[in-house]
Amino acid sequence: MSGVRETGPQDWAVRAAAEIMDRCDRLAGISDMESGIERTYLSPRMADAYELAGGWMREAGLDVHVDPAGNLVGRVEGSRPGLPALVLGSHLDTVPDAGRYDGILGVVTSIHVVSHLIDSSITARLPFAIEVVAFGDEEGARFGATLLGSSGFAGCWNPGWMDLRDRDGVSMRQAFHDFGLDPDRVEDAARTRDQVMGYLELHIEQGPILEQRDRALSSVSSIAAAARYMIEVRGESRHIATPYDLREDALTAAAQMIVAVDSISRVAGTRANVGEIAAEPGGVNVIAGKTVFSLDVRAGTNAQRDAVFDRIWEAFDDICTQRSVTVTKRRIHQADAVRCDDFLRGCIDSGIEGAERKPAFGLISFPGHDGMAVAHALPIAMLYVRCANGISHSPLESVRQDDVAYGADAFARAVVAVADRLGAVGDLAHAATGLSADPLGTSA
Ligand SMILES: [Zn+2]
C-alpha cells in the first residue's frame with residue numbers, strides 16, 4: 001500500500017477519516033425523531049439511509065442490492081468473478097435517541113476501505129470478493145426481537161418474527177411489503193459457505209478500556225455469553241411492629257441478594273446488573289411479602305457465566321435460609337458466547353500493529369453485536385475503535401477523527417492480511433471452503 005508514513009495512519013486513511021465523520025453526520029440527519037436519531041428496521045427513513053449509503057457504495061465501485069431480509073449489500077469481485085466473499089459489515093439501524101457511530105461507523109468505514117482497495121488495484125488481486133453489508137436491524141428497536149438483519153443473512157431467521165408488531169400495530173409482514181420486499185422470500189437472504197467465507201466488523205468499543213489504556217484500537221476476543229432472569233422472592237406481609245425473629249421480609253432479602261450479585265460478579269470479572277425491582281404490597285409500614293427483580297449477567301465464556309450463576313444461586317439459598325424466604329428464578333434470555341475466529345482475529349491484530357505500531361490486544365465484548373448471528377454461518381472477528389467515556393446508545397456518543405483514521409488503516413491492512421496469509425499457505429481452496437473448523441467457538 002502506498003503513502004506509508006513514519007508514524008500515524010496512512011495518508012489515504014487520514015483523508016478518509018474526515019469524510020467518514022462527515023458521512024456519519026449526514027446519516028444522523030436521516031431520523032424519525034424531531035431532534036435526535038432514530039432509524040429502525042424496514043422504515044421509510046431506513047430506505048432513505050440505504051439510498052444515501054448505497055450511492056456511496058456505487059461511487060466506490062460496488063454492485064449494490066437490498067437482500068431479501070432488508071440488508072443493504074455492495075459487492076466487488078476479487079481476482080476472478082464469483083469467488084466467495086470476505087464480508088465487512090455492521091448495522092445502520094439505531095435505538096431511539098441514539099448516537100451517530102454505533103453500527104454506522106463500521107458501515108461507512110468499510111465503504112472507504114473497499115474504495116481504497118479498489119483504487120489501489122488490490123481487490124483485483126485478492127483470492128476472494130469483498131462484500132460490504134449494512135444490516136437493517138441489530139438493535140431490535142422496532143419489533144423487540146434483535147439481530148433480525150444478520151439472522152436473515154446467516155440463515156437463522158425465526159419464522160415467528162413475521163407476526164411481531166411495532167408500536168403502531170404494523171406487523172413485520174406488512175413492513176416487508178411496505179419496504180418493497182416479499183416476506184415469503186426472507187429465507188433466500190441466507191448465505192452459504194460457497195458464497196461467503198468470513199466476517200469482519202469495525203465497531204465503537206462501547207466501553208472505557210481503550211481510553212484507560214490510551215489506545216485507539218483493539219481486537220475482540222469473544223462476544224460475551226449472557227443470561228437474563230426474573231427473580232421472585234416470597235416472604236410474608238406483616239406490620240412493622242413484627243419482631244425481627246418473626247419476619248419473612250422479601251425486600252430486605254432481595255436487597256441482600258442484589259449486593260451479593262454485585263460482589264460475586266466483581267470478583268469473577270463478569271458484568272451483572274439488576275435494573276428493575278418491585279416490592280408488594282408497597283406500604284411504608286408494611287413488610288414486603290413479595291419482591292421481584294431482574295438479573296442480567298454477561299461473561300467472556302459460557303463456563304464463566306455458568307460458574308458465576310452457581311455462586312449466585314448458592315448465595316441466594318443462604319439468604320433464603322437466614323431470612324426465612326423462598327426464591328424462584330425464571331430465565332427469560334440466554335445467549336452463548338461467540339469466540340472470534342483465531343485466523344481472522346490474527347489478521348485484525350496484524351492490521352492494528354501495522355497501523356498503530358504497537359502490540360495488539362483483545363477485549364471481551366460485553367455488548368451484543370451482529371457477529372453473534374453471523375457466527376451461525378461464518379467465522380467472525382471484530383475491530384474495536386475507542387469512543388469517549390465508553391458512552392453509547394446516547395447522543396453523547398463520540399469518536400476522535402484520528403482514531404477513525406487508525407481504524408480505517410488497520411481494517412484495510414486486516415483485509416490484505418487475510419489475503420496474504422491465505423496466499424502464504426498457498427491454499428486458495430481453503431478460502432473457498434472456510435477459515436475455521438470451529439467457527440462458532442463451541443470448544444471455547
Ligand atoms: Zn452496534
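The values are calculated or read from the model by the stated rules, or taken from the named source; none is laboratory data. Please read all numbers here as calculations on a predicted model, not as lab measurements. Glycine gets a Cβ as well: all are built from the backbone with ideal geometry, and neighbour counts include every protein chain shown. Only protein heavy atoms, including side chains, enter the accessible area calculation; ligands, DNA and RNA are left aside. Shrake-Rupley method; radii C 1.70, N 1.55, O 1.52, S 1.80 Å.
How many residues are at pLDDT 95 or above, touching a Leu at 6+ places or on another chain (Cβ under 9 Å) and either away from the ligand (no atom under 16 Å from the Cβ) or open to solvent by less than 10 Å² (accessible area, probe 1.4 Å) (or both) when one looks only at region 389-408?
5
Looking only at region 141-153, which residues are within 13 Å of the ligand (Cβ to nearest atom) and open to solvent by 10 Å² or more (accessible area, probe 1.4 Å)? Reasoning before the result, please.
First, the residues of region 141-153 that are within 13 Å of the ligand (Cβ to nearest atom): 141, 146-147, 149-150.
Matches in region 141-153: ALA141, THR146, LEU147.
Go through region 333-370 and give me each residue that's assigned to a helix (DSSP H, G or I) and within 16 Å of the ligand (Cβ to nearest atom).
In the first step, residues of region 333-370 are kept if they are assigned to a helix (DSSP H, G or I); the result is 342-356, 370.
The one that is assigned to a helix (DSSP H, G or I) and within 16 Å of the ligand (Cβ to nearest atom): ASP370.
From the residues in region 35-77 that are free of Cβ contacts under 8 Å to residues at least 60 places away in the same chain, open to solvent by 10 Å² or more (accessible area, probe 1.4 Å) and part of a loop (DSSP other than H, G, I, E, B), which one is farthest from LEU181 (Cα to Cα)?
SER35
Only residues that are over 26 Å from PHE411 (Cα atoms) and either open to solvent by less than 20 Å² (accessible area, probe 1.4 Å) or of a type in the set (D, E, K, R) (or both): list them for region 5-34, please.
Listed by number, the residues that qualify are ASP32, GLU34.
List the residue pairs whose Cβ atoms are under 9 Å apart, where the first residue sits in region 387-407 and is part of a helix (DSSP H, G or I), the second is of a type in the set (Asp, Glu) and within 15 Å of the ligand (Cβ to nearest atom), and the two are 6 or more positions apart or on different chains.
Going by the 9 Å Cβ cut-off, the qualifying pairs are ALA388/GLU397; GLY390/GLU205.
With the structure loaded, tell me whether ASP342 is open to solvent by 50 Å² or more (accessible area, probe 1.4 Å), more than 22 Å from GLN206 (Cα to Cα) and in the same structural domain as LEU383 (by TED's automatic domain parsing) or whether it fails that test. Don't jump to the end; show me each part of the working.
Values: open to solvent by 50 Å² or more (accessible area, probe 1.4 Å): yes; more than 22 Å from GLN206 (Cα to Cα): yes; in the same structural domain as LEU383 (by TED's automatic domain parsing): yes.
Taking the combined requirement at face value, the residue satisfies it.
Considering (1) farther than 30 Å from MET21 by Cα; (2) within 16 Å of the ligand (Cβ to nearest atom); (3) not polar (S, T, N, Q), say which one ASP168 fails and leave the rest.
ASP168 satisfies all of (1) farther than 30 Å from MET21 by Cα; (2) within 16 Å of the ligand (Cβ to nearest atom); (3) not polar (S, T, N, Q) except (2).
For region 14-34, which residues satisfy the criterion of being within 20 Å of ILE111 (Cα to Cα) and either in a strand (DSSP E or B) or not small (Gly, Ala, Ser) (or both)?
VAL14, ARG15, GLU19, ILE20, MET21, ASP22, ARG23, CYS24, ASP25, ARG26, LEU27, ILE30
Looking at MET230, MET197, can you tell me which residue is surrounded by 14 or more Cβ atoms within 10 Å (Cβ to Cβ), within 30 Å of GLY289 (Cβ to Cβ) and touching a residue at least 40 places away in the same chain (Cβ under 8 Å)?
Working: MET197 fails: within 30 Å of GLY289 (Cβ to Cβ).
MET230 is the lone residue from the list that is surrounded by 14 or more Cβ atoms within 10 Å (Cβ to Cβ), within 30 Å of GLY289 (Cβ to Cβ) and touching a residue at least 40 places away in the same chain (Cβ under 8 Å).
Within 15 Å of the chain's Cα centre (by Cα) and open to solvent by less than 10 Å² (accessible area, probe 1.4 Å): does that describe LEU117? Even if it seems obvious, please write down each step before you answer.
Numbers: within 15 Å of the chain's Cα centre (by Cα): no; open to solvent by less than 10 Å² (accessible area, probe 1.4 Å): yes.
The answer is no for LEU117.
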